[in-house]
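Report on one structure; see the data block that follows.
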Amino acid sequence: MQLFVDSSNPEEIAEARSYGHLSGVTTNPSLIAAAGPDMEGTLRSILAVSPGPVLVQAVGWHDPAPLVAQARWLHQLSESIIVKLPMSIAGIQALAGLKRELPALRLAVTAVASIAQAYLCGKAGADIVALFNGPLDQASDTPVSLVAPVRQIYDNYGFQTQILSCGRFPRLFGEFAVAGTDICTMKLEYMKLLYEHPFTDRRMHG
């Protein structure tokens, strides 16, 4: 399972990279907005420090045209960018069209919250399906339960789509790995918790 950091702060990304396990970066519009008005400059700074791909979300929901236009621009900016499209009819339409037009462009579908949605993403040829595990964790005790059936479906039908889960606590990180998640992304504050445990502290400092 690959470990990504969810951040638009180059200093945070560099710190996470220094730990030695980082494979890439996820961002979202709110993270980009928080970093300042210069979107292109922010993205270039993130790309410069990331050890691998950077997921960047195209903004929109009901119309495939602006999603396609943004995806083209992001692909021109860097081939390291994986464009996130929304889980909607327009998002899947944009995905299908972009796959025909730009086969080298890697595409993810985000805010996927059901097994049926995950199947549609795999069928359409998404490179990554971003399961909405993190927010589900606030409303459910079993956000990891979505991973195993999606993993089974992708294996059943030979879909090459990778599963991305959002981790908030060490327990979930381990459960995602057991269930078959390909990529786990988390904020730096949660990533640091992976290295900690009270029994470890007691043993080392007791």
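Numerical summary
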| quantity | calculated |
| --- | --- |
| Any hit, the range 19-27, residues being in a helix (DSSP H, G or I) and either open to solvent by less than 40 Å² (accessible area, probe 1.4 Å) or more than 22 Å from Leu172 (Cβ to Cβ) (or both) | no |
| Residues satisfying the stated conditions in the range 150-171, i.e. under 19 Å from Gly24 (Cα atoms) and surrounded by 21 or more Cβ atoms within 10 Å (Cβ to Cβ) | Thr161, Ile163, Leu164, Ser165, Cys166, Gly167 |
| In the range 179-193, residue nearest to Thr110 (Cα to Cα) [restricted to those that are open to solvent by 50 Å² or more (accessible area, probe 1.4 Å) and in contact (Cβ under 8 Å) with a residue 24 or more places away in the chain] | Lys187 |
| Among the residues listed as Ala65, Ala71, the single one being open to solvent by less than 30 Å² (accessible area, probe 1.4 Å), assigned to a helix (DSSP H, G or I) and among the small types (Gly, Ala, Ser) | Ala71 |
| Positions within the range 73-109 being of a type in the set (S, T, N, Q) and farther than 20 Å from Tyr119 by Cβ, in sequence order | Gln76, Ser78, Ser80 |
| Filter pass, Ser8 being in contact with a helix residue (DSSP H, G or I) (Cβ under 9 Å, 6 or more places away or on another chain), at pLDDT below 95, within 18 Å of Met191 (Cα to Cα) and buried (at least 22 other Cβ atoms within 10 Å of the Cβ) | yes |
| Within the range 175-206, tally of residues that are within 13 Å of Val5 (Cβ to Cβ) and among the aromatic types (Phe, Trp, Tyr) | 1 |
| Any hit, the range 9-19, residues being in contact with a Phe, Trp or Tyr (Cβ under 7 Å, 6 or more places away or on another chain), among the small types (Gly, Ala, Ser) and within 20 Å of Asp182 (Cα to Cα) | no |
| Residue that is out of contact with any helix residue (DSSP H, G or I) (no Cβ under 7 Å at 6 or more places or on another chain) and at pLDDT 95 or above, where the choices are Gly122, Gly158 | Gly158 |
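The values are calculated or read from the model by the stated rules, or taken from the named source; none is laboratory data. Remember, it's a predicted structure, so these values are computed and weren't measured experimentally. Because the Cβ atoms are built from the backbone with ideal geometry, glycine has one as well, and the counts that use them run over all protein chains shown. These area figures cover heavy atoms from the full protein model, side chains too; ligands, DNA and RNA do not enter into them. Shrake-Rupley method; radii C 1.70, N 1.55, O 1.52, S 1.80 Å.
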